[in-house]
1. Are there any pairs, at least 6 apart or on different chains, whose C-beta atoms fall under 6 Å, with the first in the stretch 33-51 and under 17 Å from G19 (Cα atoms) and touching a residue at least 40 places away in the same chain (Cβ under 8 Å) and the second of a type outside the set (G, A, S) and surrounded by 12 or more Cβ atoms within 10 Å (Cβ to Cβ), and if so, which?
2. Answer yes or no as to whether G25 is modelled with pLDDT under 85 and at positive phi.
3. Kindly indicate the residue of the stretch 35-49 that is in a helix (DSSP H, G or I) and touching a strand residue (DSSP E or B) at 6+ places or on another chain (Cβ under 9 Å) and also nearest to R126 (Cα to Cα) among those meeting that condition.
4. What tally of residues in the stretch 58-68 results from selecting those that are surrounded by 10 or more Cβ atoms within 10 Å (Cβ to Cβ), out of contact with any Asp or Glu (no Cβ under 7 Å at 6 or more places or on another chain) and not β-branched (V, I, T)?
5. Testing N93 on (1) within 15 Å of the chain's Cα centre (by Cα); (2) of a type outside the set (D, E); (3) modelled with pLDDT of 95 or more, one condition comes back false. Which one is that?
6. Among (1) at pLDDT below 85; (2) under 30 Å from T132 (Cβ atoms), where does S17 come up short?
7. Working only within the stretch 12-31, note down all residues that are assigned to a loop (DSSP other than H, G, I, E, B), loosely packed, with under 15 Cβ neighbours inside 10 Å and not small (G, A, S).
8. Counting only residues that are assigned to a strand (DSSP E or B) and surrounded by fewer than 12 Cβ atoms within 10 Å (Cβ to Cβ), how many does the stretch 69-124 have?
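The values are calculated or read from the model by the stated rules, or taken from the named source; none is laboratory data. Because the structure is a prediction, the values reported are computed rather than measured. When we count neighbours, we look across all protein chains shown, and the Cβ atoms used for this are built from the backbone with ideal geometry, even at glycine.
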Amino acid sequence: MLDSSQNGGLSKVTQISSGATILEGTPESVSKTAIKQLQTLKVTIKLETKILGSAKMPDGRTELTLSDGQKITTDLYIPTVGVVPNSSYVPSNLLNSKGFVVVDEFLQVKGVKDVWAVGDISAVQRPQYVNTDKQSAHVAKNIGLLMQGRELAAYKVAEKGTFFFFNLP
């Protein structure tokens, strides 16, 4: 969120996160480092707050309604929502508490025969394209092994992710 109406025309940037920290799902050190860097840049961080709605104002600005009842009007609103699994059609006994499908080490849905889940709906890894791509290739391999009557291969989750940081001029 960017608001230039405050601070004598200088931009005020606010990061709003529904979780207890930013960059949830990353190692704690990454989250702490990001918070420190944002604070150095004088970014206001609001944690455990959800944006319940946004409305375009006649002057082109956006009014945000927050979960704490507060309304904020901003010049620029960039929603960067995390992934919420589209699993409403999946029986609840196959989901974890966050709505992701629970899979075994072969990426098969636990409790169901010959059904796999990969990507944003799967509880195996952080929802990212690169993970989905690896998971899809692994499931294709396992389906081939299954059709040949061979033993399935366990999926190996990388222990540490790779992060790239760029400083822009």
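1. none
2. On the way: modelled with pLDDT under 85: yes; at positive phi: yes.
The answer is yes for G25.
3. At the first step, the residues of the stretch 35-49 found to be in a helix (DSSP H, G or I) are 35-40.
Add one more test, that the residue is touching a strand residue (DSSP E or B) at 6+ places or on another chain (Cβ under 9 Å), and what stays is 35, 38-39.
On the way: I35: 20, L38: 23, Q39: 26 Å.
So, considering only residues that are in a helix (DSSP H, G or I) and touching a strand residue (DSSP E or B) at 6+ places or on another chain (Cβ under 9 Å), the one nearest to R126 (Cα to Cα) is I35.
4. 5
5. (1)
6. All conditions are met except number (1).
7. E24, P27
8. Looking only at that region, the number is 1.
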